[in-house]
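Novice: The following block contains the structure, expressed as structure tokens.
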Amino acid sequence: MISRYNDQGASAGPSNLAMILVRRARMQGFIVFDHWEHHGDFLKEFGPRVAKGEIDYQETVEEGLEQTPDAFLKLFEGGNQGKMLVKL
């Protein structure tokens with residue numbers, strides 16, 4: 001989609017991409033499946049470290065299936081820390 005100066009709605013994507021050029025920043029994605037061959041090694045190393053409490057992580061847990069719609073909406077409102085889970 002080409003953004004035009006008289007568009008009525010927001011354009012697709014971030015609005016400040018020009019700042020990447022101005023500030024000579026670099027933007028690069030990370031695709032997990034490009035590194036999938038290391039998945040087993042990752043689990044062997046990090047699983048025990050998480051279990052020992054050496055690695056801290058955040059997650060939001062909502063209780064009960066009836067909370068699923070609200071939990072989903074909270075994802076778009078910033079109402080969660082880390083991973084959003086619904087415990088059944």
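Taken together, the values in this text are just the output of simple stated rules run on the coordinates, not laboratory data. Since the model is a prediction, treat every value here as computed from it, not as a measurement.
Novice: Could you tell me whether the chain comes out rounded, prolate or oblate from its Cα gyration tensor? Rule is a ≥ b ≥ c as square roots of the eigenvalues, rounded for a/c under 1.5, then prolate if a/b exceeds b/c, otherwise oblate.
Specialist: Oblate is the answer for the chain, as a/c is 1.5 or above yet b/c matches or exceeds a/b.
Novice: Gain in length, Leu21 to Lys52, computed as 0.36 nm per residue apart minus the alpha-carbon separation, to one decimal in nm?
Specialist: Roughly 6.8 nm would be gained on extension.
Novice: Out of residues 5 or more away from Thr60 or on other chains, whose amide H comes under 5 Å of its own, with H placed 1.01 Å from N in the peptide plane?
Specialist: Distant-sequence amide H within range of Thr60: Gln81, Lys83, Met84, Leu85.
Novice: Using the Karplus curve 6.51 cos²θ - 1.76 cosθ + 1.60 with θ = phi - 60°, work out ³J(HN,Hα) for each residue of segment 37-44 in order, rounded to whole Hz, and write x for Gly and Pro.
Specialist: 3J(HN,Hα) across segment 37-44, in whole Hz: 5, 9, 4, x, 5, 4, 4, 5.
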